[in-house]
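Enquirer: Supplied in structure tokens, the structure appears directly below.
The values are calculated or read from the model by the stated rules, or taken from the named source; none is laboratory data. Every value quoted in this text rests on a predicted model; they were computed, and no experiment measured them. Only protein heavy atoms, including side chains, enter the accessible area calculation; ligands, DNA and RNA are left aside. Shrake-Rupley method; radii C 1.70, N 1.55, O 1.52, S 1.80 Å.
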Amino acid sequence: MDKIKHDENKLPVVKVFYRGKQAGMYYARRVGNCSVVLRHGAISFPVGTALTVQFRRLAKRNSVRKQTMAIVRHNSASGMLLSLQSAI
């Protein structure tokens, strides 16, 4: 996994959707080209669950949003690893 660590103040916020409904918002701990590690949140998804994720990053004038499909590959108290269906 191509990992990129982010400064605590610049972590991307990721909206997670399950079956078309927003399930929550998570901070990304690491972001790679084909995967993302999210901080542990209130809602936990089993391995193999298909999700839609929407990346939100603050830009100078607007918010850049990229939505893609993801599969939960690992889930523990330390966070949730998602593999992305398309590069971000």
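Enquirer: With every protein chain left in place and a probe of 1.4 Å, what is the accessible surface of residue 71, to the nearest 10 Å²?
Expert: Roughly 30 Å² of residue 71 is accessible to a 1.4 Å probe.
Enquirer: Further question on the same structure: Heavy atoms only, 1.4 Å probe, whole protein assembly: order 56, 29 by accessible area, highest first.
Expert: From most exposed to least exposed: 29, 56.
Enquirer: Using a 1.4 angstrom probe on the protein heavy atoms only, line up 81, 51 by accessible area, largest first.
Expert: The ranking, largest first, comes out as 81, 51.
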